[in-house]
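This report refers to the structure that appears directly beneath it.
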Amino acid sequence: MQPYGLGFRYPHYQYIKEHLPDVGWFEFITENLMEPGGRPREVLDSIHRDYPVVLHGVSLSIGSTDPLNQTYLSRLKDLVDEVEPEWISDHLCWATVNAHNSHGLLPMPLTKTVVDHLVDRIQQVQDYLKRPLTFENLSNYLEFADSDMDEADFINEIMQRSGASLLLDINNVYVSSMNLKRDPVEFLDKMQASHIRQIHLAGHEDCGSYLFDTHGAPVCHEVWDLFRVACQKLGSIPFMIERDDNVPEFDELMVELNQARAIHDEAINEQKTQTDGLRSVSVGAV
Amino acid sequence: MNFHAFQQAFLNQITQTTSETTEIDPLIRVLEHDTRMTPHERLDIYVRDYRGRLYEVLKEHYPETYHYLGDDDYLALFTAFISACPPSSYSLRYWGEQLPDFCEKTAPFNQPELVDLIRFEWTIHDLYDGEDVSVLSSDALSQIDPERWMDLCFQVIPCFKLSQAESNVAALWQSLNDEKPVATQAVDTYLVHWRKDYMVYFRDLTQQEWDCLERLNEGNSAGELCEFLAKDIGDEAAPQIFIQYLQSWINDGMLQETPFD
Ligand SMILES: [Fe+2]
């Protein structure tokens with residue numbers, strides 16, 4: 001499977017089927033596919049005949065203190081068993097309390113207690129689905145007075161203990177860092193490379209006093225720079241462009257995807273040259 | 001505050017379903033050297049996100065209701081609905097399901113033509129992604145021994161619904177969809193909705209055809225349906241009308257392939 005992917009959006013369906021563009025894989029939104037039939041499932045099956053697919057959910061609510069939603073889990077299991085995606089992901093967040101579902105990606109205090117809670121829930125879901133899960137880091141707009149860990153340590157510990165992996169959203173790293181006055185490179189530096197399964201690249205909106213994650217604009221140059229840093233550190237990890245609002249023509253997304261490919265390939269080549277260089281130095285020393 | 005209590009306080013604050021709005025501010029860290037935003041303004045980002053997401057979803061599921069009402073009245077409907085029926089399902093696909101009943105019992109939204117339109121739109125949304133099945137073909141039917149015909153029971157496809165309305169809702173929906181205004185009219189209406197080839201269709205029916213389809217859906221055999229029609233139009237005409245109906249239901253893809261055993 002080639003590492004360069006795209007978030008599948010329905011308006012592009014006809015174009016993709018007619019042109020079979022050079023895309024390594026497509027990511028589908030899980031909740032759009034949980035009903036048994038009709039157009040959404042037909043479209044997924046049709047794309048899956050030509051491309052690998054991954055499933056990306058928004059409603060698992062893994063951090064919630066409500067019991068896990070059994071109906072959701074059983075539908076997810078049916079879907080996953082039928083589709084056999086390359087991997088499945090959701091968000092490291094919570095949405096529901098007392099059965100009131102905000103459908104948001106809500107933040108949590110970064111504490112040991114919350115880590116324990118998440119690890120326990122992730123393991124329950126992984127056992128039920130009989131496969132590992134991948135979780136995405138959030139765009140944050142605030143932090144809690146209770147937090148006694150930084151976000152990188154929080155995520156690393158959850159991944160380490162649960163066996164889950166990280167969907168590293170580089171735009172979210174940038175948005176959170178700007179909103180909370182942090183250094184995004186330091187965050188990337190601290191993330192444990194072996195935990196990272198996938199990368200998201202997306203755009204945001206500058207609201208003056210804060211940045212808001214919209215997936216409605218092209219990737220900005222700061223996020224491209226961070227992507228370069230991530231590729232240098234991580235090597236080849238599947239990456240994709242995520243666009244939900246103001247979805248442009250397919251060609252325009254391909255331009256962005258090609259830009260990502262160029263950065264990725266350059267970073268991998270640099271890494272390779274360095275490794276070859278080191279090898280020749282050590283051979284020379286012998 | 002334990003984690004559960006924290007989640008309750010946070011959700012109450014961002015959905016503003018209770019008046020306890022002071023509790024959460026102290027939980028949010030005031031960022032050093034950052035005077036751009038207060039904790040309350042930071043929380044407000046989540047409030048707007050919650051409302052904005054649900055506003056868009058409801059509009060997507062009820063596009064012609066939105067056109068019918070216009071921005072201000074639609075916003076009033078949304079605001080009343082979100083506080084009376086906040087989402088509880090894991091999927092926003094189902095959130096708007098309660099909107100027709102909510103409107104029916106809530107002034108000033110309880111106007112029959114509005115309630116009819118909302119029910120009509122929910123049906124379209126609801127049939128969109130139901131289970132797929134093979135449909136019955138005329139060919140399959142012609143293989144059956146004519147002797148057995150009157151005993152046959154037909155089955156509608158899963159994405160099928162009969163409904164009634166008190167207004168000319170199908171014409172209203174179509175006119176909104178085509179952006180050509182039509183006057184609403186109080187009239188008893190009989191409708192069928194079904195999905196074929198990934199499109200949801202609807203048709204106005206006579207009460208006779210509607211009654212016939214309802215009985216078919218309840219398990220009546222072809223013979224029983226002919227008997228039912230005979231009460232209306234006589235023994236001689238009944239089988240002929242039934243065959244006409246059956247042919248159109250098959251052509252429209254409303255019936256599913258059945259083994260007829
Ligand atoms: Fe993302």
Q. Relative to the first principal axis of the alpha-carbon coordinates of chain B, what is the inclination of helix B:3-15, with its axis defined by its Cα atoms, in degrees from 0 to 90 and to the nearest 10?
A. 80
Q.
Quick check: Cα centre of region B:179-193 to Cα centre of region B:224-241, how many Å?
A. 29
Q. Mean Kyte-Doolittle of at least -0.5 and a Cα length of 15 Å or more along the axis: which whole DSSP H helices of chain A meet both?
A. A:70-83, A:112-129, A:221-234, A:250-285
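Ranked from the most accessible area to the least, with a 1.4 Å probe and all protein chains present, what is the order of A:LEU106, B:LEU69?
Working: A:LEU106 5, B:LEU69 35 Å².
The ordering from most to least exposed comes out as B:LEU69, A:LEU106.
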Q) Which lysines does B:LYS59 reach when only Cα atoms under 26 Å apart count, and residues fewer than 8 places away in its own chain are ignored? A) B:LYS105, B:LYS161, B:LYS180, B:LYS196
Q) Of B:ARG29, B:ARG119, B:ARG48, which has the largest mean-square fluctuation in a 10 Å C-alpha GNM of chain B? A) B:ARG29
Q) Which value, in Å² rounded to 10, gives the accessible area of B:ARG203 with a 1.4 Å probe and all protein chains present? A) 60
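Accessible area, 1.4 Å probe, largest first: how do B:CYS103, B:CYS153 sort?
Working: B:CYS103 0, B:CYS153 60 Å².
The ordering from most to least exposed comes out as B:CYS153, B:CYS103.
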Q) When the helices in chain A are scored as -39500 (n - 2.57) per DSSP H run of 4 or longer and the sum is shared across all residues, what 222 nm value do you end up with, to the nearest 500 deg cm²/dmol? A) -14500 deg cm²/dmol
Q | Cα long-axis angle, helix B:112-127 against chain B (0 to 90 degrees, to the nearest 10) | A | 80
Q: Enter the accessible area of A:ILE237 (Å², nearest 10), with the probe set to 1.4 Å and all protein chains included.
A: 20
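Roughly how many percent of the accessible protein surface of the protein assembly as shown is carbon and sulfur, given a 1.4 Å probe and a whole-percent answer?
Working: 12090 of 24990 Å².
Reported share for carbon and sulfur atoms: 48 percent.
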Q.
To the nearest 20 Debye, how big is the dipole of the protein assembly as shown about its Cα centre, given +1 on the beta carbon of each Lys and Arg and -1 on that of each Asp and Glu?
A. 1480
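Report the longest stretch of chain B that contains none of the GluC sites (Glu not before Pro) sitting in a DSSP loop with at most 11 other Cβ atoms within 10 Å. Don't skip to the end; give the middle numbers.
Values: sites that count: B:GLU32, B:GLU179, B:GLU218, B:GLU236.
Excluding the exposed sites themselves, the longest stretch runs over B:33-178.
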Q: Would you tell me the accessible area of A:ASP251, worked out with a 1.4 angstrom probe on the heavy atoms of the protein chains, in Å² to the nearest 10?
A: 90
Q: Please report how far the C-alpha centroid of region A:161-228 lies from that of region B:97-138, rounded to the nearest whole angstrom.
A: 41
Q: Would you be so kind as to list the residues of region A:112-147 that have their accessible area lowered by at least 30 Å² in the full protein complex compared with their chain by itself (1.4 Å probe)?
A: A:TYR141, A:LEU142, A:GLU143, A:PHE144, A:ALA145
Q. Per-residue ellipticity at 222 nm for chain B, helices alone: DSSP H runs ≥ 4 residues times -39500 (n - 2.57), over residue total, nearest 500 deg cm²/dmol?
A. -16500 deg cm²/dmol
Q: Enter the Cα centre distance for the pair region A:64-82 and region A:95-157, rounded to the nearest angstrom.
A: 17
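With every protein chain left in place, what is the accessible area per residue of chain A in square angstrom, probe 1.4 Å?
Details: 11580 Å² over 286 residues.
Per residue, chain A has an accessible area of 40 Å².
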(Q) Please give the charge dipole size of chain B, origin at the Cα centre, charges +1 on K and R Cβ atoms and -1 on D and E Cβ atoms. Round to the nearest 20 debye. (A) 940
Q | Reduction of at least 30 Å² in accessible surface, 1.4 Å probe, comparing all protein chains with the chain by itself, residues of region B:68-103 | A | B:PRO87, B:SER88, B:TYR90, B:TYR94
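Any idea of the total accessible area buried by the A-B contact, 1.4 Å probe, rounded to 100 Å²? The partial results should precede the final answer.
On the way: alone 13630 and 15460 Å², together 24990 Å².
So the total buried area for this chain pair works out to about 4100 Å².
The values are calculated or read from the model by the stated rules, or taken from the named source; none is laboratory data. Quantities reported herein were computed from a predicted structural model and do not represent experimental measurements. Backbone-built Cβ (ideal geometry, glycine too); neighbour counts: all protein chains shown. When the accessible area is computed, the model is the full protein with side chains, heavy atoms only, and any ligands, DNA or RNA have been set aside. Shrake-Rupley method; radii C 1.70, N 1.55, O 1.52, S 1.80 Å.
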